[in-house]
Structures are given as C-alpha cells and as structure tokens.
C-alpha cells in the first residue's frame, strides 16, 4: 500500500481499547505504523493490517518521528517516560520528534513529562480524547490538545483522521484540566440520574418511561441518549467501567486538592463509585451506579 505521507514515521504505544481503532485509522489512510504493546491480542489485528512491531518503547522511539501513546494510567506513563535505562524511551527518543500523549493522566505528572521531553528536544502534545470506542473507530472523537503549537499545526491533517472536533487550548496543561472538567460532568451525570430515577420509581414510574421523557426534555444530552437503552434494559455491560471512573475521579479530586479547590460533590461521588465497586460493580458500566443505589436502598429498607 502506498503511504499518503512519508514526512512522518508513526509509532503507537498502547494499542488496547482506544489505541487500536485510532492506530487502525492511520493504517487504513495509508500510513505505516509501528506499534508497541505487551499483549499479543492487542497487537494482532494491527499486525494483520500491516503494522510493524517494536520490541520495546525505546526501540519504537528510535525508529519513529511521531509517537502516539494511549495508556491506562499515571503509573504506566511514569514507567514509560521517567525510566532512564539504556533501552528506555527517554534514552532513545530522537531530538526533533513529537510525542502525542492521548490518555487521561494527572496534570502534575504531565508537567514532569514535559520537563523531561523538553530537555531532549522533543515536542510534547497533550491530547486526551473524549468519546467512545465506536467513535474512535469512525474517526469521530473530540480531541483536547495543549502544548507545542508547532506540533499541533504539523499534525493537523493526521489528527483529522481521528476526530470530528478538535480544540487547541493552550501551551501547558490546559488539555489535561479540560479532560478532567468533562469527566467530572460525565461521572456526576450517572450519580444524579441514579438518584432521580430512584425517586421516580418510588412514585410508581418505571426506569424505561422516565428515560423516554428525560431523553426528550431540557436536560437531555448525548450521554443520556447513549445510556438510555442500557438503563431501560438494566444491562450494564461496560463501555467505561466503575473502576475506570474511580481512577478518573481520583485524578479529579487530587487535581482539586493540588489547586486548593474544595470539590465537595466530586469527593462524594468518588466515594459512591468506591462503594459500588466494593459491592461487586467494579467491572460494570459506570451507569450501574443506578443499580447499586437501588440495591443499597433495598438493603437499608430490610435493615
């Protein structure tokens, strides 16, 4: 397959749930992509489409001029960037390359990453994404970016392959905070909707009938519409799990503490997700908070 663009040599670190469909879009657009992921099942579909495999993050960094990363959490990013061993990413990444980190991680860690990359002459684009795996597959994600303006401009056409909307928000950690702002509202929606539905059930309404009305009301949103069938069917197969939301709300409340912001509601909602996880909902979709609230209420009534 002829490549559309030979200006960049693309690498992708972490090709799991979100990274895989995004890397797939680059390959399908004609770009050559080298991948690095510890799990063979994550790599398999991309290798079948023609992706090359790097033996390590350091190997990938040496071979690629633009490196994307979609990884689980702060711990993985710390190990990836702050390790200074001979075979590490940091020791092998080339001056003048671009690192595009697309995960939800803490602004505090991201600042440390920025300092290390700057010392090695690497352009750093913070670019967390908003959207589902289905949107990732269709190139309809929202990208929230900040950092190196030149890198943002250089990757404009590439990022258009991954998104339908993209925002450049500043030269520092603004994108990290914007993602936390969005996730605060997303996680809070499950909490307040759950309480509202329980109130309605106590008054004789069914969850299905309430969701039909809510979806046509002034408080309707794309998120509520997306979760409407899940609540009507009481099928909480995870699109984004309670455990993942616990991680995000920990980042949110930690960021609030770092900025001395008293986030009363966010701290309370974090405790709800922790309680739901402890009650067996850890791997359910985060909108299972509604079912956890119902169960907790029934147990209280029996007591």
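Quick note: the coordinates plus some simple rules give every number you see, no bench work behind them. For clarity, every value in this text was computed on a predicted model and none was experimentally measured. Note that each Cβ is placed from the backbone with ideal geometry, even for glycine, and that neighbours are counted across all protein chains shown.
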message = Quick check on packing: order 177-185, 152-160 by the mean number of other C-beta atoms within 10 Å, highest mean leading.
response = 177-185, 152-160
message = Can you give the FRET efficiency to the nearest 0.05 for residue 142 and residue 188, using r as the Cβ-Cβ distance and R₀ = 25 Å?
response = 0.85
task = May I ask you to derive the relative contact order of the chain, considering only C-alpha pairs under 8 Å and at least 6 residues apart, and to give it as an integer percent?
result = 12
task = On a 0 to 90° scale, report how tilted helix 174-202 is relative to the longest principal axis of the chain, with both axes built from alpha carbons and the result rounded to the nearest 10.
result = 20
Shape metrics for the range 155-303, restricted to C-alpha atoms - Rg then Dmax, Å = 17.2, 60
remark   = Quick calc: nm separation of the 7 Å Cα→Cβ label points for residue 169 and residue 39 -> 2.7
note = residue 259 and residue 206 label points (each 7 Å along its Cα→Cβ direction) are spaced in nm at 4.4
request  = Any chance you could get the radius of gyration and Dmax over the Cα atoms of the range 1-64, in Å?
outcome  = 10.7, 30
inquiry  = If I build a Gaussian network model for the chain, linking alpha-carbon pairs within less than 10 angstrom, which residue out of 13, 214, 231 has the largest mean-square fluctuation?
reply    = 214
task = Return one number: the angle in degrees, 0 to 90 and rounded to the nearest 10, between the long axis of the Cα atoms of helix 222-233 and the longest principal axis of the Cα atoms of the chain.
result = 50
query = What ranking do 119, 257 get, fewest neighbouring Cβ atoms within 10 angstrom at the top?
reply = 119, 257
query = Taking springs between alpha-carbon atoms closer than 10 angstrom, which of 202, 266, 44 fluctuates most in the Gaussian network model of the chain?
reply = 202
message = Cut-off 20 Å, label point 7 angstrom out along Cα-to-Cβ of residue 28: give me the residues of the range 42-67 whose amide nitrogen falls inside.
response = 42-52
ask   = Using alpha carbons only, what's the Rg to Rh ratio of the range 1-141 with Rh from Kirkwood?
value = 0.94
ask   = If you find the alpha carbon centre of the range 177-196 and of the range 204-220, how far apart are they in angstrom?
value = 18
note = With 0.36 nm assigned to each residue of separation and the Cα-Cα distance removed, residue 267 to residue 283 gains 3.7 nm
inquiry  = Given R₀ = 41 Å, what would the calculated FRET efficiency be for residue 239 paired with residue 95, taking r from the Cβ atoms and rounding to 0.05?
reply    = 0.55
ask   = Between residue 196 and residue 111, 0.36 nm times their residue separation minus their Cα-Cα distance comes to what?
value = 26.7 nm
remark   = Note to self, the chain gives a 222 nm [θ] from helices alone (DSSP H runs n ≥ 4, -39500 (n - 2.57) apiece, / all residues, nearest 500) of -16000 deg cm²/dmol
key: Most mobile listed residue (110, 209, 97) in the chain, GNM with C-alpha springs under 10 Å   = 209
request  = State the label only: which of (i) 1.44; (ii) 0.92; (iii) 1.08 corresponds to Cα Rg over 2.2 N^0.38 Å computed from the shown model?
outcome  = (iii)
task = Mind checking the full-extension length gain between residue 17 and residue 119? Use 0.36 nm per residue of separation minus the Cα-Cα distance, one decimal, nm.
result = 33.6 nm
